[in-house]
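Encoded as structure tokens, the structure appears first; notes follow it.
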């Protein structure tokens, strides 16, 4: 596995964690509207998102766009998995169909490109 692919996978993982932190923050009640945006969960999530963006830019410097597109769609699979373990969210039929569609799309894109 090349260094750039690994870098992009780490970036996707970090971005997924960022989304989970934002979701965790959104599930809380705050006394003031300002605290919805200025709390440790949101600030950390945006910092991680910035880090993820920086890592993605580094990875794309020497990575083909078609490879990157495939790897970045993994976040759509990781986020429901993280939500299952962290928030005890169930896998509904719609989520399973969505994840399956993404996996099929990745396979088709990989084979025919």
Check: Which distance in nm do the two modelled labels at residue 94 and residue 3 give, with both placed 7 Å along the Cα-to-Cβ direction?
Finding: 4.4
Item checked: Amide N of the stretch 69-87 lying under 19 Å from the label point, which is placed 7 angstrom from the Cα of residue 58 along Cα→Cβ -> 69, 71-72
Note to self: Students often get this wrong, so try it: which of (i) 8.3; (ii) 9.1; (iii) 6.4 is mean projected area of the Cα convex hull in nm² as calculated from the structure shown?
What the structure shows: (i)
Notebook entry, point to check: Which order results if 12, 111 are arranged by neighbouring Cβ count within 10 Å, fewest first?
Noted result: 111, 12
Check: With labels modelled as points extended 7 Å from the Cα through the Cβ direction, what inter-label distance (nm, one decimal) is found for residue 104 paired with residue 66?
Finding: 2.2
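None of the figures in this text is laboratory data; all of them are computed from the coordinates on show. No experiment lies behind these values; they were computed from the predicted model shown. Neighbour counts run over all protein chains shown; Cβ positions are idealised from the backbone, glycine included.
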